[in-house]
Structure formats: C-alpha cells, structure tokens
1. I need the phi-derived Karplus couplings for the stretch 128-139: 6.51 cos²θ - 1.76 cosθ + 1.60, θ = phi - 60°, integer Hz, Gly and Pro marked x.
2. Please rank Thr122, Thr43, fewest neighbouring Cβ atoms within 10 Å first, as an exposure proxy.
3. Can you compute the helix-only [θ] at 222 nm over the chain? Use -39500 (n - 2.57) per DSSP H run of at least 4 residues, normalise by all residues, nearest 500 deg cm²/dmol.
4. State to the nearest 20 debye the size of the charge dipole of the chain about its Cα centre, where the only charges are +1 on K and R beta carbons and -1 on D and E beta carbons.
5. Return the sequence-ordered ³J(HN,Hα) values of the stretch 31-47 in whole Hz as given by the Karplus equation 6.51 cos²θ - 1.76 cosθ + 1.60 applied to θ = phi - 60°, using x for Gly and Pro.
6. With θ set to phi - 60° and the Karplus curve 6.51 cos²θ - 1.76 cosθ + 1.60, what are the ³J(HN,Hα) couplings of the stretch 105-117 in order, to the nearest whole Hz, using x for Gly and Pro?
7. Taking the chain as a Gaussian network, where each spring joins two C-alpha atoms under 10 Å apart, which residue of Tyr40, Tyr53, Tyr16 fluctuates the most?
8. Once Lys and Arg get +1 and Asp and Glu get -1 on their Cβ, which of Leu46, Met75, Asn139 lies farthest toward the positive end of the dipole of the chain?
Amino acid sequence: MIFMTGMDPNEITVKYHEIIGKPVHIPMWALGWHQSRQGYKSTTELRSVVQGYKDNQIPLEAQWSDADYMQDYRMFTYDNQNITYQGLPDFVNDLHSTHQRYVPVLDTAIAQRFGSDYQAYTDGVAKDVFIKDQGGVDNFVGE
C-alpha cells in the first residue's frame, strides 16, 4: 500500500505520476472517425469507401483493413500477386497526402508455412522464438 501526502491535489498528482509514469499523449487523428470491417476484397473497394465518406462530407481519419489484404494470411505481407491489392502502397500514399491514416490489422500469430519462402515463419523457427506446446519442445500450433 502506498500513501501519498501533499499540500494540494496537484502535488499528489505529481507524486502519483512518479510511481505509474506520465500519461501518454494520444495523437489527434486517433480520436477521430475510423472505418473498419472484415471483408474488403480489393484496393478499389477501399478507395470507394474512402470516396464515399468524402462525397458525403463525413470526416474520416483512418481506414482499416482486416487480414483480407494479406497474401495467404501471412503476417507482414500484402497480396500484390493478384490484381486485388496491387495498388495498396499508392492507396496508402494517397491517404497520407490528405492527412488520413491507413491501419492494417495485424494478427497475433504467424501462419505456419512449411517449405515456403515466408520469412516471418522461417526466421522465427531459426531463432526459436515461437511459443512451445505442453511438452516444451515443439512449436505450439493453434487453429
């Protein structure tokens, strides 16, 4: 238990922040309207959504994408092999040029891809950084 004393509430607040740390300053854009949903199928669809906000004069601070943008659900990738997300970097640059943000959803897991060139997986195996199963030897595989 911690007891703090002081001459006024401000002094107590200063002591409290010495213990827990100072509050984080949230960027203004984080407090605005964000659009997000699962199932966007292409960069064209994302552009259409952002344009819809503009056409209807609705402020939009950030456009999010769920895992649909990934290549084979591989973390830290986007599907630039098919026509669907080939223009994603240009879309992100266009958002930035209008002071908007793009937020890609990152899952908490790395897809297991044996015998592939998926660097996040092969590096993780090589560095032995993945959570182990109950036996403590093999990498945990969730479904």
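We did not get these values from a lab; they are worked out from the coordinates using the rules stated. In this text, all values refer to a predicted model and were calculated from it rather than measured experimentally. Counting neighbours? That spans all protein chains shown, and the Cβs are built from the backbone with ideal geometry, glycine included.
1. 6, 9, 7, 5, 8, 6, 4, x, x, 10, 8, 5
2. Thr122, Thr43
3. Estimated from H runs of four or more residues: -9500 deg cm²/dmol.
4. Roughly 240 debye, rounded to the nearest 20.
5. 8, x, 7, 10, 10, 8, 6, 8, x, 5, 9, 6, 5, 4, 5, 4, 4
6. Calculated HN-Hα couplings, in order: 6, 10, 6, 8, 10, 9, 5, 7, 10, 5, x, 10, 9 Hz.
7. Highest fluctuation among the options: Tyr16.
8. Going by the Cα projections, it comes out as Leu46.
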